[in-house]
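Here's the structure, in structure tokens; my notes come after.
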Amino acid sequence: MSTVASFLAPLLIDAEVAGLIGTEADIAAMLWYELALAQATADAGLIAEEAARAIATAGSTFRADLNDLSGSTLRDGVVVPGLIKQLRAHVGAPHGACVHFGATSQDVIDTALALKLRGVFELFEARLARILARLEQLIDTYGQGSLMGRTRMQAAIPITVADRLDVWRGLLARARADMTGVAERNLILSLAGAAGTGEKFGSQIDAVRSGLAGRLDLAVPAYVPHAARDRIAALGDWLCQVTGGLGKIGQDVTLMAQNDIAEIVLSGGGSSSAMAHKHNPVAAELLIAFARFNAVQVSGLHHAVVHEQERSGAAWALEWLTLPLMLNATGAALLHAERLLDSVRDIGNAPG
């Protein structure tokens, strides 16, 4: 999304999500992993305690050379080799050799993703809670008003405002409840080594995983996550669930706001360069756009489930292309949904 024109950013970019998953957050998460790994392997007696202390001390002053990382990533197809080279040089001999003990690039990147997602889930939870609270307020205020129920976009029978808004609320309440399971599947540690066997840890692999997971506040999965990407696809499905629910709200509002229907009154509608009388429901339109965008993108995450053998560079890169865009779209949709619901000034016809 960095190629979006700057004037489109307020419409299409969620700055908070960008901060949680962007370059600085990524480097910080990978560094946290490496420092915690050093201590966990020292606790298991696989590297010297002195080495773990040296790595921790050096890590507190480490600053990645991003220009160098750009070049090495272009060459290697992944950022970790270049990052580890820089970190080892910063730690210095002899302890630099103990950095990244037993891990592989995918362990670092996948765990860094989990660490970043924790903040994203917390952000989305807070926004969903506010949206649901606002829907409760709207139902309390306008719920007994009347609307014309419509099926297949044709007038059907009268309904109450609450009848329609209960559908909106249910979609988002279920998405909020489902987030717990999706988060549990994704907030996991990866430590499986070069080909998923954890061969360098030997009999200490369980102890190191447990110690490392405890330091990172992540769960230890009962499987090797390198080539098992169903959790990522499930995350994409959940993001579509959220934006789909919001898109339903947006679609209903755009129809309700039509001049000849006039079932909802919104403040602050968008203007037209050619028609001064227009008050376009911009926020509602964006909810529809983000829902459709995520519905298209999620197929990429399902394609990325197909990892050949023990690791796939192609499927992995497809995740990098797709997931950040979906996270941004979901965050932006939640922001615009709050804006939309806060702009409601009347719905339906009050009972006489």
Can you find, within the range 291-307, the residue that is farthest from G245 (Cα to Cα) among those that are in contact (Cβ under 8 Å) with a residue 24 or more places away in the chain and open to solvent by 80 Å² or more (accessible area, probe 1.4 Å)?
H302
Could you count how many residues in the range 40-63 are open to solvent by 10 Å² or more (accessible area, probe 1.4 Å), among the polar types (S, T, N, Q) and in contact (Cβ under 8 Å) with a residue 12 or more places away in the chain?
1
Return the residue satisfying two criteria in turn: it lies in the range 248-259 and is of a type outside the set (V, I, T) and open to solvent by less than 10 Å² (accessible area, probe 1.4 Å), and of such residues it is nearest to T104 (Cα to Cα).
G250
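State yes or no: is E122 out of contact with any helix residue (DSSP H, G or I) (no Cβ under 7 Å at 6 or more places or on another chain), assigned to a helix (DSSP H, G or I), at pLDDT 95 or above and closer than 27 Å to L189 by Cβ?
Yes, satisfied.
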Just wondering, is there one or more residues in the range 101-116 that are open to solvent by 40 Å² or more (accessible area, probe 1.4 Å) and either within 16 Å of V344 (Cβ to Cβ) or acidic (D, E) (or both)?
no
Look through L66, L37 and report the one residue that is hydrophobic (A, V, I, L, M, F, W, C) and surrounded by fewer than 20 Cβ atoms within 10 Å (Cβ to Cβ).
L66
Taking the stated definitions as given, is E310 open to solvent by 10 Å² or more (accessible area, probe 1.4 Å) and more than 24 Å from L135 (Cα to Cα)?
yes
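Would you confirm, using the coordinates I've provided, whether L239 is within 24 Å of T104 (Cα to Cα) and either without any contact (Cβ under 8 Å) to a residue 40 or more places away in the chain or open to solvent by less than 20 Å² (accessible area, probe 1.4 Å) (or both)?
It is false that L239 is within 24 Å of T104 (Cα to Cα) and either without any contact (Cβ under 8 Å) to a residue 40 or more places away in the chain or open to solvent by less than 20 Å² (accessible area, probe 1.4 Å) (or both).
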Matching residues, the range 309-330, being within 11 Å of the chain's Cα centre (by Cα) and of a type in the set (G, A, S):
A329
Residues in the range 221-268 that are out of contact with any Ser or Thr (no Cβ under 6 Å at 6 or more places or on another chain) and not in a helix (DSSP H, G or I): how many?
17
Residue tally, condition of a type in the set (S, T, Y), surrounded by 15 or more Cβ atoms within 10 Å (Cβ to Cβ) and part of a helix (DSSP H, G or I), over the range 128-184:
1
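The values are calculated or read from the model by the stated rules, or taken from the named source; none is laboratory data. Being a predicted model, the structure only gives us computed values, none of them experimental. Reconstructed Cβ throughout: ideal geometry from the backbone, glycine too, with neighbour counts over all protein chains shown. To get the accessible areas, we keep the full protein, side chains included, count just its heavy atoms, and leave off ligands, DNA and RNA. Shrake-Rupley method; radii C 1.70, N 1.55, O 1.52, S 1.80 Å.
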